[in-house]
Structures are given as C-alpha cells and as structure tokens.
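Every number in this text was worked out from the coordinates using simple rules, so none of it is lab data. Just so you know, these numbers come straight off a predicted model, no measurement behind them. A quick note on method: Cβ atoms are made from the backbone with ideal geometry, for glycine too, and the neighbour counts reach across all protein chains shown.
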Amino acid sequence: MASPSHVRPESLPVSGQSGTKNTIVQFGAFELDLATNELRKQGIRVRLQSKPCDILRALVENPGAVVSREELRHRLWPENTFVDFERSLNSAVNRLRIVLGDSANNPRYVETLSRSGYRFLAPVTLRNMQAASTEEMVAKPRPRLWVSISLVVTVAAAIAGAMGAYVVWKASSGNTPRFRQVTFQRAQVSTARFSSDSEVVYSARGEGGEGALFLTNSASPESRSLGFRGMRLAAISSTSELAMLKSGGTMNIAGSELFRVPLNGGDPVRVDEHIMGVDWAPGGKTMALVRAIAGTNQLEYPPGTVLYRTPGWLSDLRFSPDGSRIAFVDHPIRHDDRGDVKLVDTTGRASVVSQGWADVAGLAWHPATREIWFTGARGGSGRSIWATSPRAGKPRSVASFPGAFTLCDIASNGRLLLSTDTRRLEMAGLLRGFSSERSLSWLDWSRVQSVSRDGGLLLFDESGEAVGSRPVSYLYQADAGSTHRIGEGLAQGLAPDGRWVLVIDADDRRTLKIVPIAGGPPKAIRFPNLVHQWARLSPNGKEAIALSEDREGALGLFVLPIFEDKPPARIAGPIMVRNLAISPTGDRVAALTPSGKVILYSTKADAEPVELPAIAGMAPLLWSSDGAYLYLQDLRRGSEPPSPVVRFHLMSGKTAPWRVITPPDRIGVNSVTGIVIAEDEKHYVYSYRRVLADLFTVDGLR
C-alpha cells in the first residue's frame with residue numbers, strides 16, 4: 001500500500017482530472033475516494049448524499065483555504081436549476097457535519113466564515129493507489145472548471161429552500177412548481193389533509209404538548225386551534241367531517257379509538273376501537289379502516305367486512321375517486337417503513353401496484369391523471385414523489401427531494417400538500433465508567449438492542465439514510481469509547497459471555513445469524529416456516545424468544561433453539577406484543593399485549609398464562625437477576641418523555657420509581673422508543689425519536 005503524505009492547499013487534483021482515478025483523500029478517521037465519491041470511517045462505508053459530498057470534495061481540494069459560498073453555488077447547482085441557494089447550501093453543509101460528527105460551534109473539519117464561505121481545518125493526506133509511494137504534490141495554480149451561470153430564484157424556490165433542502169426541476173421538464181409554506185411553529189405534524197374548501201387541517205404537537213388539531217388561514221400565517229386535545233387527524237370527508245384517532249401507549253400494536261366530528265363544530269362521537277388508519281369513501285357517509293386484531297392488521301370496508309389482512313402493518317388508505325378501489329401501503333415488518341403500494345377492490349381482490357420500496361409513506365390519488373402518487377425511496381436515496389398507474393405500470397418520477405418528505409394530500413385542483421420531516425433516532429444512556437448520561441448516537445437511526453451484564457458493551461443497529469437500504473449492526477465498547485462494525489443485519493441480542501451477537505438477516509428474515517465479535521464467519525440458523533419480526537436471547541444464550549410470522553401469516557411468540565437441532569415451539573399466539581422480559585431461568589416471559597395487559601407466559605408450555613393487573617399499561621424491560629422484580633416503562637400516558645421506569649415486586653405487587661427517562665434536548669422528541677437495562681440494574685441505554693415538520697402546498701407539478 002502506498003504511504004500517505006501531507007497535502008498543502010491547492011494540491012489535490014480537480015474533479016474530472018486524470019489524477020483522481022486512483023486517489024484517496026485521508027483526514028481524521030475518514031477516507032474519501034475521489035474516483036467513486038465513497039466516504040469511509042475507519043474502513044466502514046458511510047452514506048453521504050450527493051450535495052454534501054460535492055461540498056466535501058470542494059473543501060478537501062482546497063484544505064486550509066476559504067471556499068466561498070458563490071464558488072459552491074456554481075459547483076453544486078448547474079444552469080436551469082431552480083433553488084433557494086442560501087437555505088439549500090446551509091442544509092447540505094449541516095448534513096455533511098452530521099455525517100462527519102462535526103459541530104458548527106466547535107468545528108474539527110468544517111469551519112464557517114460568516115457571510116464568506118467555509119474552510120477545511122483538518123490535516124489532509126493524499127494516497128495514490130497506483131503508486132508504490134506517494135510524494136508530496138506541489139501546489140500549482142489551476143483553472144477553475146466552473147462556468148458562471150445565472151439562477152432565477154423564484155418565490156416558489158425560495159419557499160422550497162425554507163424547507164431546509166433543495167428541490168430540483170429542469171426548466172425543460174414542464175414542471176414549474178410554486179410553493180407556499182403553511183405552518184411555521186416548531187412542532188411535529190403527524191397528519192394533514194385538505195378540507196373541501198381547500199384549507200389545510202392538520203394535527204401537531206409542540207414541545208411538551210399532547211397534540212391537537214389546527215386549521216390554516218389563507219390570509220394569515222397563524223393557524224387556528226380546533227381543540228380536540230389528545231386527538232390525531234385521520235381523514236376528512238367530502239362533507240367536511242373529521243375522522244380522528246385517540247391513542248394510548250400501545251397504539252402502535254393495539255390501534256386507537258376512532259371518533260368523528262363535523263369540522264364546523266360539535267362534540268366528537270366515538271365510533272370504534274383498535275383502529276390504525278381510516279379514509280372516508282366518496283360521498284362522506286362511510287369509512288374504510290385498518291383494524292389491529294389477533295396480531296394482524298386488516299383492512300375493512302365497510303367496517304366489519306375484511307378485504308385484506310397482513311401480519312405486518314398497513315398505512316395510507318386512500319379511496320379512488322370513483323370509490324371502487326382502495327390504495328394503501330403494505331409494510332411487511334412492524335416498525336419498518338419498507339413496503340409495497342397495493343390496491344384492493346370492494347370485493348377483496350388485491351393487486352400490487354409498485355413494490356420493493358426501501359422507504360415509502362404518503363399516498364393520494366391525483367384527480368386529473370387518475371394516477372396514484374406517493375413518496376418513496378429506493379435503496380439509500382432520499383424520498384421522491386412518484387406517480388404510477390393503477391394497472392401496475394412502471395412508476396414515473398415527478399420530483400426529487402433529499403431528506404424526509406411526505407405527500408399528505410392532493411386537492412381537487414391538483415395542489416399538493418407536503419410535509420418536510422427532520423427525523424432521527426438517537427441514543428443516550430449511562431454505561432460503565434460514565435459519571436452521567438451521555439449521548440451515544442452513531443449515525444441517523446441508532447436503535448439500542450442490548451447491553452452487556454456489566455454495562456461495558458452496547459449492541460445497536462443503524463437502519464436510516466446513512467446506511468441505505470441494508471441495516472448494519474454495531475458494538476460500542478464503553479471503556480475504549482470505540483464503535484465496532486459487526487456487519488449487515490438487524491441486531492437482536494448480545495451473548496451472555498460477550499463473545500458473539502445475534503442478528504436477523506435483513507435479506508431473509510427466516511434466518512438468524514450468530515456473528516463472532518472477534519471475527520470469523522457467521523453461523524446461519526434458518527427456520528423455514530417462520531419470518532421473524534424480532535428475537536431476544538434468553539439469559540443462558542441457548543435459545544431466543546421471537547415474535548415471528550407462521551406459514552398461515554399469524555404472529556406468535558416462539559422459542560427458537562440456537563445451538564440444538566430442534567424445531568421451534570410456539571408459546572403464545574396468534575398475538576402481537578410490544579415488549580418482552582425473560583426470567584433469569586428462562587422458563588417464563590412477561591409481555592405487553594395490545595390490550596395493555598402484562599401477561600406471563602411459560603416457555604415450556606406447561607402452565608397457563610397469568611395476567612398481572614397491577615401493572616397494566618406498562619412495558620416489561622428487564623426481569624431482575626434474582627427473579628424478584630420486573631422493570632417496566634410506564635406507557636399509560638404514552639411513550640413521549642419524560643418516561644417513568646418503575647420496579648415491580650412480583651410477590652408483594654408493589655411498584656417503586658426507579659428512574660425517569662428524559663433526553664437532554666427534548667425539542668422535537670415525540671417518543672422514547674426503547675429502553676435496555678443491564679443485568680447489574682445500574683446501567684442503561686435508551687433510544688428516542690426526534691421529528692420536526694413543516695407543511696407546504698405545491699402547485700404546478702404534474
């Protein structure tokens with residue numbers, strides 16, 4: 001391998017020159033391959049979008065020198081591109097800093113010079129992969145390859161830039177978008193729809209709030225509160241009647257209560273329960289709904305008549321304009337945005353319209369083209385707006401957006417309603433050697449899975465935009481402060497001796513893998529008749545308790561042998577559960593069911609299930625090593641912070657506070673999604689979801 005050398009400003013080959021063909025730029029723990037634009041951290045490939053990557057190239061090509069904002073403008077956006085440059089550049093630089101783990105206030109790599117530009121601070125070395133050794137390159141003046149262009153920054157593009165991202169349309173495409181921002185408060189917008197008179201109704205929750213419904217005003221930037229505290233908008237009928245959902249802490253597995261109320265006033269009327277989603281039929285008299293029942297999601301229309309059923313989850317129900325069909329997104333795995341766009345008619349005949357999306361959410365019928373429009377992403381790219389024929393034609397791209405954008409609705413005149421989402425799953429906790437809680441987030445979707453008995457090791461995975469469509473498992477060592485890449489797959493458990501981890505193969509969820517931490521080939525364990533949602537290792541590490549889908553499509557709890565050639569054994573089902581705690585001897589498990597009950601199941605199938613009514617609505621986290629206590633997350637008011645954790649004494653039935661989980665920065669945090677407590681009952685790590693959103697209307701897309 002060639003030896004690196006330090007590089008002075010103006011010494012790197014310019015993009016497109018022959019010198020870039022086999023050139024690697026090194027800085028800190030990172031390597032940037034100028035030929036492929038691949039960025040690696042400690043040898044691990046890191047997902048970096050095209051615009052942030054272009055900025056990084058411009059900076060490392062000029063280390064220590066100021067690269068002006070105007071230079072970046074010409075480099076990043078070619079002629080005939082409509083963009084709010086200021087906002088878009090700021091957003092791209094912020095995304096670059098996130099990937100590098102950098103800070104604008106205390107920069108290690110990218111320094112901001114106010115109203116001037118940016119400077120790359122870290123030492124840069126250059127390695128030419130074709131040379132036996134690398135000599136220090138002589139800095140030579142080089143011509144700029146950029147061509148001065150004139151950008152027409154329209155009001156529409158300026159609003160698009162306010163979304164915190166750039167939006168690209170070529171002038172020749174025929175699309176001339178016009179944007180208008182309709183929400184301005186710092187809040188999480190959960191659902192939004194056009195009313196019959198084209199106003200926007202949405203549900204949102206600010207910091208510390210319980211959520212409510214709001215109505216926009218076309219003559220003013222303020223939104224008017226409609227009240228309905230604790231409710232979430234589900235749909236609006238053509239006669240301006242609202243369908244709303246009211247949920248508790250187990251909504252994601254149990255569904256919500258369904259209410260209806262006229263938009264112009266009145267008291268909400270309770271309609272149904274265990275509802276995951278709703279849409280009004282044309283005419284506004286009846287509804288289609290998704291019901292959570294017996295470990296499945298089922299689509300019903302009219303209510304009570306099942307048209308479609310899945311062990312995964314269904315979202316984005318939308319009636320066709322003539323009411324003969326219902327489009328929806330089928331997500332095969334719970335709590336995962338992968339899915340397919342499907343159709344079902346009122347007789348129950350289902351078909352796939354577009355499949356294989358790594359991230360798909362937001363769907364509506366276009367009134368003019370009669371197409372199904374949706375927001376989705378292939379692989380590791382950001383979501384774009386797509387349109388497809390109901391006859392399952394090849395989807396066409398309507399517009400491209402970086403980041404998380406969601407199509408909320410399309411009005412009768414073709415106007416789009418979009419939400420722009422900043423979404424992250426972050427981690428924090430107290431591990432061995434820590435004097436206080438620390439942030440433990442790695443990339444953009446850090447999901448805690450297991451902590452070693454003494455709190456020294458943390459197993460987690462990443463499944464966000466940074467790693468693309470293939471989730472990756474990692475192990476963090478608290479003493480060294482280092483993170484080790486385990487490999488592709490969804491992390492599930494850490495062996496009791498800390499020597500291997502259990503992962504689910506993301507390409508074949510029938511397969512579990514034992515991956516040695518010290519290296520070596522993984523061992524695959526395949527259960528051909530089960531598709532696993534998740535699995536938890538028993539304390540002895542010899543078997544796992546898994547929530548899996550059987551051949552009939554029903555979910556259940558199974559004991560899976562890890563090292564013995566034995567068939568899996570069902571211990572409960574059909575059922576959906578949210579949390580699981582396994583007894584020290586592995587003979588019992590405590591699980592939270594969709595009804596909010598905590599049930600003890602025997603793993604030996606030699607005893608009847610036992611309900612623990614004193615802790616209804618609480619999610620089991622850990623069964624203490626002496627077998628006397630259950631640690632539980634109190635979900636009776638939901639999972640938003642602060643989230644109390646209590647200790648429940650199994651013999652006396654008494655509960656006592658243990659800790660209140662509160663992320664250090666609560667802005668935009670809407671849920672504490674997972675808490676893992678070490679067996680020493682001192683150390684812990686939790687994941688929490690941060691979402692901020694704004695709403696925009698868009699005219700001119702077709």
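Key figures
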read-out: Segment residue 70-residue 616, length gained on full extension (0.36 nm per residue, minus Cα span); value: 190.6 nm
read-out: Extension gain, residue 306 back to residue 510 (0.36 nm per residue minus Cα-Cα distance, nm); value: 70.7 nm
read-out: Potential lengthening between residue 320 and residue 229 on full extension [0.36 nm per residue; Cα-Cα distance subtracted]; value: 29.7 nm
read-out: Length-normalised contact order for the chain - Cα pairs under 8 Å, 6+ apart - percent; value: 10
read-out: Anisotropy class of the stretch 424-692 from Cα gyration tensor, a/c 1.5 cut; value: rounded
read-out: For the chain, calculated [θ]222 nm from helices alone, where every DSSP H run of n ≥ 4 adds -39500 (n - 2.57); value: -2000 deg cm²/dmol
read-out: Entries of 604/682; 597/654; 513/542; 542/604; 342/394; 246/682 with Cα pairs more than 24 Å apart; value: 604/682; 246/682
read-out: Cα-based shape type of the chain, given that a ≥ b ≥ c are square roots of the gyration tensor eigenvalues and the cut on a/c is 1.5; value: oblate
read-out: Two-site FRET efficiency, residue 482 against residue 355, from Cβ-Cβ distance with R₀ of 51 Å, rounded to 0.05; value: 0.80
read-out: Virtual spin-label span in nm between residue 604 and residue 665, 7 Å along Cα→Cβ; value: 5.1
read-out: Simple label model, 7 Å out from Cα along Cβ direction - residue 654 to residue 566, nm; value: 3.9
read-out: Residue 595/residue 335 FRET efficiency (R0 30 Å; Cβ-Cβ; nearest 0.05); value: 0.95
read-out: Relative contact order of the stretch 182-423, pairs being alpha-carbon contacts under 8 Å that are 6 or more residues apart, as %; value: 10
